[in-house]
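The values are calculated or read from the model by the stated rules, or taken from the named source; none is laboratory data. Owing to the predicted nature of the structure, the values given are computational and were not obtained by experimental measurement. Virtual Cβ from ideal backbone geometry, glycine too; neighbours counted across all protein chains shown. Ligands, DNA and RNA are excluded from the accessible area calculation, which covers all protein heavy atoms including side chains. Shrake-Rupley method; radii C 1.70, N 1.55, O 1.52, S 1.80 Å.
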Amino acid sequence: MKKILAFLLAALMVVGLFAGCAPADNTETTKAPDSTTAPAGETTEGGETTEAPEAGVITKVALVTDVGTIDDESFNQACWQGVEKWCKENNIEYTYYQPTEDSTDARVLSVSQAISEGANTIVMPGYLFGPTILTVQDEYPDVYFIAVDVAAGDLSLDGGTTLVDPSANVACLTFSEEQAGYLAGYAAVKEGYTKLGFLGGIAVPAVQRYGYGFVQGADAAAKELNKKIEINYTYGGQFQGSPEITAKMEGWYQAGTEVVFACGGGIYTSALEAADKNDGKVIGVDVDQSHISNRFVTSAMKGLQNVTESVLDTLNKGEWATYGGKVSNFGLLEGEYVGLPTDTWTMTNFTTEDYEAVKGQIKDGTITVSNDTSKMPAVSENTTVNEIG
């Protein structure tokens, strides 16, 4: 009897084993679509299978904003547009994160969250990311960090006393803002403006280069025309407008200032509000801001979107060493990375031919625009600069 029971139990176990291997009747196996990989090979009419494109380096891109947002009409938005355009064209998943506060801890937390959620490429726009980069670059050696507008002097954990080189997985990208500022100042004076203003955000090197370039360009044009010009020059101490800054700009316009170069994220809103009330003009920054208002005469631009796309493409081709572990600068000597939007400016006296001529002189070295931010550039007797606190 025991032998019979043992035989029956063994038989039941074998049946159960085969039953466990078979799929249930009501299940269906599907493969979830994956936006981060190349599509599988397709079969042609002749029955031959075509090879799918080889997968690139990038699996998912995340942009982390600084104090701005992805619709700030300035550098956050431009970098985001670069991420969005490149990722769509290359079928790569992408997203963005906005830190909960303006602090290195909050930025590090957003970067860590992005990585934990699958991003292996992080785009970080703005000098504020300097300490963040130093905090995460060695913790995540297999992640690629693209730091836009982050210079060597920003890579410090102690306010600039001790500078640290970027690791091999970090690409720091800077621009020759002084050249864009020069072109804007030169164009404004050539257009006929003699009372100009510069409203900077925080007095960081990128903003200073814009401003000092603006002064140099305006002074050069004043000398060529043998005209007397006056420039009011100030920093708002922040990257957004405020009632106090608007009131200051209203005072400038009411005292005769004709056009203000508003340079620093959303601080342009104060200059624009004051210009609207006093029939003044504004020069935009970073991107073409002409669509915001017809008050914008032109904009001093840098190729934030183009550079973001270019570096992403270089990385995905396996050529990261071109930028990795370096601080790379982009200006007119490197290509069309700074300039004015000739298609949308409202100038009539300063022509595109004039513009191309002066731009060409910067390219060939006939005109040298100083990028020294240690002090206000010297000007000729044609120009008066009023530095206002």
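Starting from the Cα gyration tensor of the range 184-238, take the square roots of the eigenvalues, sort them a ≥ b ≥ c, and report rounded, prolate or oblate (rounded when a/c is under 1.5, otherwise prolate if a/b is larger than b/c, else oblate). Since a/c reaches 1.5 and a/b is larger than b/c, the shape of the range 184-238 is classed as prolate. The residues of the chain have, on average, 48 Å² of accessible surface per residue, using a 1.4 Å probe with all protein chains present. For Asp105 and Thr322, the FRET efficiency from 1/(1 + (r/R0)^6), where r spans their Cβ atoms and R0 equals 30 Å, is about 0.40. Accessible surface of the range 47-171, 1.4 Å probe: 47 percent of it comes from carbon and sulfur atoms. Debye calculation, C-alpha points only, no solvent: report log10 I(q)/I(0) for the range 206-357 at q = 0.10, 0.21 Å⁻¹, in the same order as the q values. With no solvent term, the Cα-only Debye profile gives -0.43, -1.44.
Excluding Asp66 itself, what net charge comes from residues whose Cβ is under 11 Å from its Cβ, given Lys and Arg +1 and Asp and Glu -1? Around Asp66, the surrounding residues sum to -2.
The string of couplings for the range 56-65 from the Karplus curve (6.51, -1.76, 1.60, θ = phi - 60°) is x, 6, 7, 9, 7, 10, 10, 9, 10, 7 Hz, one whole number per residue in order, with x for Gly and Pro.
Within the chain, helices built from complete DSSP H runs that reach 24 Å or longer along their own axis (Cα positions) and carry a mean Kyte-Doolittle hydropathy of 1.0 or higher are 2-21. Computed over the chain, the per-residue total of -39500 (n - 2.57) for DSSP H runs of n ≥ 4 gives a 222 nm mean residue ellipticity of -11500 deg cm²/dmol, rounded to 500. Inter-label distance, Ala357 to Glu89: 3.5 nm, where each label sits 7 Å from its Cα along the C-beta direction. Across the range 284-301, rounded Karplus estimates of 3J(HN,Hα) from the backbone phi angles (6.51 cos²θ - 1.76 cosθ + 1.60, θ = phi - 60°) give x, 9, 6, 10, 6, 9, 4, 6, 6, 6, 6, 6, 7, 6, 6, 9, 8, 10 Hz, Gly and Pro being marked x. Short-range pairs are left out: with C-alpha atoms under 8 Å and at least six residues apart, the relative contact order of the chain is 17 percent. Just so you know, the averaged projected area of the alpha carbon convex hull for the range 170-292 sits at 7.6 nm².
When +1 charges are put on Lys and Arg Cβ atoms and -1 charges on Asp and Glu Cβ atoms, the dipole computed for the chain relative to its Cα centre reaches about 440 debye. Got a sec? Charge dipole of the chain, +1 on Cβ for Lys and Arg, -1 for Asp and Glu; which of Gly360, Gly56, Gln254 is way out at the positive end? Working it through, the farthest residue towards the positive pole turns out to be Gln254. Peptide packing for 277-287, 151-161 was compared via the average number of neighbouring C-beta atoms within 10 Å per residue; ordered from the highest value, the list is 277-287, 151-161. Here the extension length gained between Glu387 and Asp158 equals 79.5 nm, from 0.36 nm per residue of separation less the Cα-Cα distance. The packing ranking, built from the mean of other Cβ atoms within 10 Å per residue, places the peptides 356-362, 57-63 in the order 57-63, 356-362, highest first. Under 5 Å from the amide H of Tyr235 lie the amide H atoms of Gly200, each residue being 5 or more positions distant or on a separate chain, with H modelled from the backbone and absent for Pro and chain starts.
Peptides 329-340, 193-204, 122-133 ranked from most to least packed give 122-133, 193-204, 329-340, packing being the mean of other C-beta atoms within 10 angstrom over each peptide's residues.
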